Amino acid sequence: IQAERPEARDPDGQVWHTVRDSYYYEWTLGDKHRSGGQWAIWEAAYTPIGEDGYPKPLWDWKTGKIDHEVAEQWKKFDLRDYLENNWSWLGPKLAGKLHVYVGDMDTFYLNNAVVLLEKFLESTKDPYYAGVVKYGDRRPHCWGPNSAELYQLFKEHIVKNAPAGEDTSLWNY
């Protein structure tokens, strides 16, 4: 028995559809990655062009076999990998500036990637990342601070980073 890989879920963990379902759906809308769907967009953006002039698929949609050469090309767009390989020069520019918010039940399981990002960020030295990674309890995709919370965060940042002697009282409302 080969279990299907879920692609989307609700915050209670109920699977909405699998990767296979999503990929088949897109192929019914348009072959050669012309569906306008999420997989077509990612493949158009991240993969090399095939001999037929269209993006090379990440995997064979009939068999599920991954094309590892294509997958390697996607790695160029892996934010955690990029930060890890370039922290020596990026770290000083980003220290204290990274604020990552994700629901711990992200609809598309992206919280798993954030766990890996956080693990790397917490290991940084010279400099330490000094930012924030927060998980919303049972929250779905696009979870983050609401408008009032964002205004408070902005105010605190401005007050903390204002030039010496600058009047920041207007930010206290």
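Every number in this text was worked out from the coordinates using simple rules, so none of it is lab data. On a predicted model such as this, the values are computed, not experimentally measured, just so you know. Backbone-built Cβ (ideal geometry, glycine too); neighbour counts: all protein chains shown.
What to note about this one:
- Cα centroid separation, the range 37-98 to the range 106-126 (Å): 17 Å
- Candidates W87, W39, W59: whichever shows maximal mean-square fluctuation once the chain is modelled as a Gaussian network with Cα springs under 10 Å: W59
- Cα-based shape type of the chain, given that a ≥ b ≥ c are square roots of the gyration tensor eigenvalues and the cut on a/c is 1.5: prolate
- Modelled spin-label separation between Q73 and D10, with each label point placed 7 Å from Cα along the Cα-to-Cβ direction: 3.8 nm.
- Exceeding the 23 Å Cα-Cα cut-off - candidates K56/K119; K97/K119; K134/K160; K119/K155: K56/K119; K119/K155
- Cα-based shape type of the range 78-171, given that a ≥ b ≥ c are square roots of the gyration tensor eigenvalues and the cut on a/c is 1.5: oblate
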